[in-house]
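Chemist: Got a structure here, written out as structure tokens. Questions coming.
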Amino acid sequence: MGRLEDMSCTRFYTQAIAALILTMLIAAACGSSTPLQSNQTNPVQANASEAATNSEPVIAPELIPEQIPEPTFGETASATPTERAPKQPTPEPSNPCDTIEGPAILNTVPTPSLTVDGQTTPLVDFTGERFDFGYGEQDAAVLLTDNGSSIKIPIDLESQTPTGEDFIITVNNQQLTGPGSSLQFSNDSCLTFAGNTIGSDGTVANVKFMFEIGTGHSYFTLDGNRAIVNGLLGRHTFRQMQYLIAQHPNVDTLVLQNIDGSDEDRINVETGRLVREAKLATVVPANGEIYSGGVDLFAAGVTRTIEPGGIVGVHAWCCTPDGSTADELDMNDPAHNHLITYLQEMLGADLGHDFYFFTVQSAPANDIHEMTNSELAKYLITE
């Protein structure tokens with residue numbers, strides 16, 4: 001290409017670039033004096049925002065000089081983009097089990113629920129049945145609604161972990177089978193599923209459910225008029241107790257089999273109050289072991305029995321916000337009050353007060369004291 005042709009080309013592109021710069025300057029000046037309305041979208045900001053939300057970079061289309069209109073004084077000239085990046089959908093919450101803020105201690109997690117083809121009912125949780133899923137009996141978590149529907153999930157009750165086999169939903173007298181491999185278990189407290197299930201008649205139903213295990217990992221097993229309790233007590237236990245009392249009025253005895261303690265004392269005492277209000281008896285069997293918060297729950301029984309060989313362990317609780325344990329506090333410290341009040345309700349004013357300070361002084365928070373027969377007879381056992 002000759003020098004004259006080079007100059008001609010250069011002049012052409014120089015004029016084009018100058019026109020583009022002039023257009024941008026006029027647009028900026030007009031834009032600064034006329035703010036955008038709230039329901040309008042600034043295309044420059046929109047493109048930048050959309051580019052930020054896409055994993056692939058968004059490349060603006062080339063501006064061909066001939067397509068740029070000559071600006072008219074007092075108007076904004078702009079190039080119309082030939083292509084816009086697709087708007088990204090608002091992402092779903094990353095985890096339906098994420099806790100939510102709330103003032104009430106029992107409302108800090110989403111409400112357990114079952115949705116079948118758009119119809120939602122609350123779930124009440126109960127665990128500890130044996131069920132044959134078609135390949136032999138095994139432990140199952142059985143989640144129940146208040147209208148008689150249920151979800152049976154093969155589960156390792158001790159670790160509260162699904163085994164991955166198919167689960168079964170019974171709703172409106174129809175049985176739906178879902179893939180256990182699609183169950184999501186997160187936060188050590190929440191079980192969720194969203195997907196299709198197959199009915200016994202071959203139809204497909206869209207199902208969603210979320211089951212909040214909550215704090216603690218207690219599980220109840222029914223045995224006639226008795227409910228056998230195992231595991232760590234917590235918010236989950238409170239809901240289990242509510243369901244047990246409401247749905248199984250024939251149960252009059254709690255057998256506290258193996259209880260490590262509680263991870264939320266203020267909820268544990270509310271569970272105990274449910275037990276006392278329902279006038280349930282509590283029993284520690286000959287092969288039973290209960291510790292710490294498990295002893296507080298045992299104290300709620302309207303009658304209390306410890307079979308020979310049963311172990312009851314107590315210690316000082318931990319901790320105040322500054323890290324102090326109960327045995328390090330002055331006896332008049334108000335941090336003692338909620339447990340003193342509870343034990344006085346369960347055992348009487350004098351005995352409740354004395355038993356509380358017996359537990360606090362019996363062993364430090366990182367140790368345990370197994371109560372002797374004479375101590376049990378003095379504080380806990382009823383005739």
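Chemist: Within 10 Å, count the other beta carbons around each residue, average over each peptide in 345-352, 280-287, and list them highest first.
Modeler: Sorting 345-352, 280-287 by mean packing, highest first, produces 280-287, 345-352.
Chemist: What is the dipole size for the stretch 271-383, taken about its Cα centre, with +1 at each Lys and Arg Cβ and -1 at each Asp and Glu Cβ, in debye to the nearest 20?
Modeler: On the way: 5 positive and 16 negative charges, 103 e Å.
The calculation lands at about 500 debye.
Chemist: Separate question: Would you mind counting up the charge near ARG276? Only other residues with Cβ under 15 Å from its Cβ, with Lys and Arg at +1 and Asp and Glu at -1.
Modeler: On the way: positive: ARG273, LYS279, ARG304; negative: ASP252, GLU270, GLU277, ASP296, GLU345.
Net of charged neighbours comes to -2.
Chemist: Arranged from highest to lowest average of other beta-carbon atoms within 10 Å per residue, in what order do the peptides 327-339, 255-267 appear? Intermediate values should be presented prior to the final figure.
Modeler: Details: 327-339: 13.0, 255-267: 20.7.
Going from most to least packed, we get 255-267, 327-339.
Chemist: Set the Förster distance to 41 Å, then compute FRET efficiency between VAL302 and SER182 from the Cβ-Cβ distance, nearest 0.05.
Modeler: The formula returns an efficiency of 0.35 here.
Chemist: Students often check this: by mean Cβ neighbours within 10 Å, which of 225-235, 195-205, 136-146, 241-251 ranks highest, and how do the rest follow? Provide the component values of the computation, followed by the final result.
Modeler: Values: 225-235: 21.8, 195-205: 12.4, 136-146: 17.0, 241-251: 15.4.
Those peptides, ordered most packed to least, come out 225-235, 136-146, 241-251, 195-205.
Chemist: Let me ask you something else. Rounded to two decimals, what is Rg over Rh for the stretch 283-324 when you use alpha-carbon atoms and the Kirkwood radius? Working shown, then result.
Modeler: Numbers: Rg = 12.8 Å, Rh = 11.4 Å.
Here Rg/Rh amounts to 1.12.
Chemist: Normalise the Debye intensity by I(0) for the stretch 167-260, one equal point scatterer per Cα, no solvent, then take log10 at q = 0.22 Å⁻¹ and round to two decimals.
Modeler: -1.05
Chemist: I would also like to ask the following. Can you tell me what percent of all Cα-Cα pairs in the stretch 257-371 are more than 17 Å apart? Each step should come with its number before you reach the end.
Modeler: Numbers: 3491 of 6555 pairs.
That tail contains 53 percent of the Cα-Cα pairs.
Bear in mind that the values in this text are calculations on the coordinates, not laboratory data. Nothing here was measured: the structure is a model prediction, and the numbers come from that model. Don't worry about glycine lacking a Cβ; one is built from the backbone with ideal geometry, like all the others, and counts go over all protein chains shown.
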